[in-house]
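Working notes for the structure below.
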Amino acid sequence: MIDIPIARGFFGRKKPEGQSARIPPGQHLVHDFPVLSAGPTPVPDLASWRFTLSDGDTRLGSWSWEEFNALAQTQVKVDIHCVTTWSKLDTNWEGVTLDTLLEAAGLDEAPAPYAMIHCEGGYTTNVPVEDMLGGKAMVATRYEGQPLDPEHGGPARLLVPHLYFWKSAKWATGIVFMEEDEPGFWEQLGYHIYGDPWREQRYTGD
Ligand SMILES: Nc1nc2c(c(=O)[nH]1)N[C@H]1C(S)=C(S)[C@@H](COP(=O)(O)O)O[C@H]1N2
Ligand SMILES: [Mo]
């Protein structure tokens, strides 16, 4: 067999420095942890904090901070992707998965296919329930082994890392199940209703 050397460049332009198969299109790698908040950071009050699951107006389960921390905790190492184009690899989180919350509420399955995540301060975001089951999402209370910083959503935020990071609602206080999908805060302002970074679903119509 004749071994013909082929210049590496023949196969196309190399990806920019730091680019890898783990970085979605249009994203770049960062090593710091940028803060992106649409409003002021709420002052945490663990004594009055509660996390509530609801089906429309019906309350399914509600946990105080102490009760929430007594639920089974799950640790994940994941990559996160912000729509403003930064991605961060191998971030470590700990919290309670939606699977665990449903079980703790005595439910075999979610009561509806869509959900709205509600937050202290009024921020909302919509996520299909399927995207939060099977360990794909958690309500995270710890980041890199420490309690979650208030500016990053402490005491608790949603973490749904396979969607753009605006879906990972900070200062989350509850999940409301819905029969029909409805846009949350950024989704009403033109962000994509689903937000898959691998399909570059940044804005409505992408
Ligand atoms: N409650 C609330 N959650 C939020 C936001 C917000 O403004 N308020 N910003 C979202 C956006 S656009 C991003 S990119 C991430 C940023 O999280 P970080 O500040 O921890 O990096 O939080 C998301 N969750
Ligand atoms: Mo964002």
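The values are calculated or read from the model by the stated rules, or taken from the named source; none is laboratory data. Quick caveat, the model's predicted, so the values are computed rather than measured. All Cβ positions, even for glycine, are placed from backbone atoms using ideal geometry, and neighbour counts span all protein chains on display.
The set of residues in region 157-181 that are acidic (D, E) and near ligand 1 (Cβ under 6 Å from one of its atoms) is empty. Return yes or no: is Y203 of a type in the set (F, W, Y) and either at pLDDT below 95 or over 15 Å from the mean Cα position of the chain (by Cα) (or both)? For Y203, the condition - of a type in the set (F, W, Y) and either at pLDDT below 95 or over 15 Å from the mean Cα position of the chain (by Cα) (or both) - is met. Contact annotation: residue pairs with Cβ atoms under 7 Å, 6 or more positions apart or on different chains, pairing a residue in region 183-202 that is hydrophobic (A, V, I, L, M, F, W, C) with a partner that is within 12 Å of ligand 1 (Cβ to nearest atom) and part of a helix (DSSP H, G or I), are W186/W166; I193/E187. Picking from D79, D45, which residue would you name as being free of Cβ contacts under 8 Å to residues at least 12 places away in the same chain, within 16 Å of ligand 1 (Cβ to nearest atom), of a type outside the set (G, A, S) and at negative phi? On inspection, the qualifying residue turns out to be D45. Report yes if T125 is more than 16 Å from ligand 1 (Cβ to nearest atom), of a type in the set (S, T, N, Q) and touching a helix residue (DSSP H, G or I) at 6+ places or on another chain (Cβ under 9 Å), otherwise no. Judged against the criteria, T125 is not a match. Going residue by residue through region 108-128, is there one that turns out to be aromatic (F, W, Y) and either surrounded by fewer than 19 Cβ atoms within 10 Å (Cβ to Cβ) or under 12 Å from F177 (Cβ atoms) (or both)? Within region 108-128 (the criterion being aromatic (F, W, Y) and either surrounded by fewer than 19 Cβ atoms within 10 Å (Cβ to Cβ) or under 12 Å from F177 (Cβ atoms) (or both)), the answer is yes, since at least one residue qualifies. Residues in region 124-171 that are among the hydrophobic types (A, V, I, L, M, F, W, C), within 16 Å of ligand 2 (Cβ to nearest atom) and part of a strand (DSSP E or B): V127, L158, L159. I'd like to know if region 135-156 contains one or more residues that are away from ligand 1 (no atom under 14 Å from the Cβ), among the hydrophobic types (A, V, I, L, M, F, W, C), over 23 Å from P40 (Cα atoms) and modelled with pLDDT of 95 or more. Checking region 135-156: at least one residue is away from ligand 1 (no atom under 14 Å from the Cβ), among the hydrophobic types (A, V, I, L, M, F, W, C), over 23 Å from P40 (Cα atoms) and modelled with pLDDT of 95 or more.
Can you find even one residue in region 57-68 that is over 30 Å from E179 (Cα atoms) and more than 19 Å from the chain's Cα centre (by Cα)? Scanning region 57-68, I find at least one residue that is over 30 Å from E179 (Cα atoms) and more than 19 Å from the chain's Cα centre (by Cα), so the answer is yes.
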